[in-house]
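Before any comments, here is the structure.
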Amino acid sequence: MPQIFNPANWELLEKYNYINREELDFKIQRWNEAFKKWKLTSFEERKNLFLKLASLMIDKKENLAKTST
């Protein structure tokens, strides 16, 4: 099971489960479907989505900083 540790103090931050081939294929299929929709999305809608993402990242910056170091 892959694990994420804080390198400063080796605190365990997160654990992830491995997936099997069937789950992987399903996720790839879903990604392909999502990309087909995304490439048809207007610039204005993409801009709004990225602005929302930026706002969420600012709100969650402490957690993001903790898990990215």
Next on the checklist: Counting other C-beta atoms within 10 Å, and keeping those with at most 14, which DSSP coil trypsin sites (Lys or Arg not before Pro) do you find in region 31-69?
Outcome noted: 39, 60
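Give the residue list of GluC sites (Glu not before Pro) in the chain that are DSSP loop and have at most 11 other beta-carbon atoms within 10 angstrom.
Details: sites: 11, 14, 22, 23, 33, 44, 45, 62; in loops: 11.
In loop regions of the chain (DSSP not H, G, I, E or B), the sparsely surrounded GluC sites (Glu not before Pro) are 11.
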Checklist outcome for this item: In whole percents, the bins of 5 Å from zero upward hold the Cα-Cα pairs of the chain as 3, 13, 12, 13, 15, 21, 16, 6, 2
Checklist entry - How high is the FRET efficiency from residue 26 to residue 56, r the C-beta distance, R0 25 Å, rounded to 0.05? => result 0.45
Checklist entry - Using the Cβ atoms and a cut-off under 13 Å, what net charge is assigned to the surroundings of residue 27, where Lys and Arg are +1 and Asp and Glu are -1? => result -2
Checklist entry - Which value in nm describes the separation of the simple spin-label points at residue 40 and residue 14, placed 7 Å from the Cα toward the beta carbon? => result 3.1 nm
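For the cross-link pairs 15/60; 27/66; 36/66, which exceed 29 Å when the distance is taken from alpha carbon to alpha carbon? Please report the intermediate quantities before stating the final value.
Details: 15/60 20 Å; 27/66 27 Å; 36/66 33 Å.
From the list (15/60; 27/66; 36/66), the Cα-Cα distance tops 29 Å for 36/66.
Read the figures in this text as sums done on the coordinates, not as results from a lab. This structure is a prediction, so every number in the text was calculated from the model and none was measured. Please note: Cβ atoms are built from the backbone with ideal geometry, for glycine as well, and neighbour counts cover all protein chains shown.
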